[in-house]
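K.L.:
Pasting a structure below so you can have a look.
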Amino acid sequence: MAESPAAETVEPLFSSQEIARRIDALAGDIAACDLHDPLIVAVLKGSFMFAADLIRALHGHGLTPEIDFVFLASYGESTTGGEVKILRDVTSAIEGRDVVIVDDILDTGQTLDFAKSLIKSRGARSVRACILLDKTARRQVDVTADFTGFACPDKFVVGYGMDLGHRYRELPFIGLVKSED
Ligand code: IMP
Ligand code: MG
């Protein structure tokens, strides 16, 4: 008979109310930058829920940005410097615009570093980054975000768009996976 996986539970780390409050503050900070022809570029898949809430909060702060998506994937050992590949590129015009890249977690920094270089190379007037969680402990590349939701412990988190083996993205909160064995 097939072994059933070890029982897992998700221990809440940031509630949906905490996330919503923080996102409203982030939107206020972004709106205060007085962006020219703003373009939001959300990095798939992990940032889809964050980006959806952030742009609605931006609307509340009077911004009318265009939204696009880039689907990036890291290959190889992320702990030893894997390569980032584009699975789906941005299609919007970027030249001369103020771009805000939105991602779920800043971890080693490879993904954000790659995304920032990509957008700069397409002629953006400015490139900023807004990330929900910052795992500073694991940084390998010298890259910073302009807007950060929360400092994140050096633990694997799931929910609110983030997955563990394709599971847990649907959770409305962010939590830590605990194995019960
Ligand atoms: P980086 O290139 O190492 O900075 O990787 C950032 C990406 O790794 C994030 O956008 C996430 O997709 C993924 N990631 C890093 N840590 C976690 C985690 O704890 N849970 C889920 N995804 C994570
Ligand atoms: Mg990601």
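K.L.:
What are the ³J(HN,Hα) values, in whole Hz, obtained from phi via the Karplus relation 6.51 cos²θ - 1.76 cosθ + 1.60 with θ = phi - 60°, for each residue of segment 126-140 in sequence order, with x given for Gly and Pro?
P.N.:
8, 10, 10, 10, 10, 10, 7, 10, 10, 9, 5, 4, 10, 5, 10
K.L.:
Oh, and also: Taking the Cα atoms only, what angle lies between the long axis of helix 110-121 and the longest principal axis of the chain, rounded to 10 degrees?
P.N.:
20 degrees
K.L.:
Quick one: order Cys33, Cys152 from most to least accessible surface, probe 1.4 Å.
P.N.:
Cys33, Cys152
K.L.:
With all protein chains present, calculate the accessible area of Glu170 using a 1.4 Å probe and round the result to the nearest 10 Å².
P.N.:
130 Å²
K.L.:
With θ set to phi - 60°, apply the Karplus curve 6.51 cos²θ - 1.76 cosθ + 1.60 along segment 39-44 and write out the HN-Hα couplings as whole Hz, x wherever there is a Gly or Pro.
P.N.:
With coefficients 6.51, -1.76 and 1.60, one gets 10, 9, 10, 8, 8, 7 Hz.
K.L.:
Of the DSSP beta bridges with both residues in segment 80-181, give the percent that are antiparallel, rounding to the nearest 5.
P.N.:
Looking only at bridges with both residues in segment 80-181, the antiparallel portion is about 25 percent.
K.L.:
Okay, next question. Taking N as the number of residues in the chain, what is its alpha-carbon radius of gyration divided by 2.2 N^0.38 Å?
P.N.:
With N residues counted in the chain, Rg over 2.2 N^0.38 Å equals 1.05.
K.L.:
Could I ask something else about it? Taking amide H atoms as placed 1.01 Å from N in the peptide plane, list the residues 5 or more away in sequence, or in a different chain, whose amide H sits under 5 Å from that of Leu13.
P.N.:
It is Ile174, Gly175, Leu176, by chain and number.
K.L.:
Rank Lys135, Lys155, Lys45 by mean-square fluctuation in a GNM of the chain with C-alpha springs under 10 angstrom and give only the top-ranked residue.
P.N.:
Fluctuation is largest for Lys155.
K.L.:
Can you put His166, His61 in order of accessible area, largest first, using a 1.4 Å probe? Write down the numbers at each step before the final one.
P.N.:
Numbers: His166 150, His61 75 Å².
My answer, sorted largest first, is His166, His61.
K.L.:
Something else now. Which one of Asp89, Asp142, Asp107 has the biggest mean-square fluctuation once the chain is modelled by GNM with Cα springs under 10 Å?
P.N.:
Fluctuation is largest for Asp142.
K.L.:
Tally up the carbon and sulfur contribution to the accessible surface of segment 50-167 as a whole percent, 1.4 Å probe, everything protein left in place.
P.N.:
50 percent
K.L.:
Continuing with the same structure: Counting DSSP beta bridges with both partners in the chain, what percentage is antiparallel, nearest 5?
P.N.:
Of the beta bridges lying entirely in the chain, close to 40 percent run antiparallel.
K.L.:
Could you report the chain's accessible area per residue, 1.4 Å probe, as an integer in Å²?
P.N.:
Ligands and nucleic acids excluded, the result is 51 Å² per residue.
K.L.:
In what sequence, largest accessible area first, do Thr108, Thr148, Thr64 appear using a 1.4 Å probe? Present the calculation step by step, with values, prior to reporting the outcome.
P.N.:
Values: Thr108 15, Thr148 45, Thr64 120 Å².
Heavy-atom accessible area, descending, gives Thr64, Thr148, Thr108.
K.L.:
Let me cross-check Ile30: its accessible surface, 1.4 Å probe, with only protein heavy atoms counted, in Å² to the nearest 10?
P.N.:
0 Å²
The values are calculated or read from the model by the stated rules, or taken from the named source; none is laboratory data. For clarity, every value in this text was computed on a predicted model and none was experimentally measured. Please note that ligands, DNA and RNA were not included when accessible areas were found on the heavy atoms of the full protein model with its side chains. Shrake-Rupley method; radii C 1.70, N 1.55, O 1.52, S 1.80 Å.
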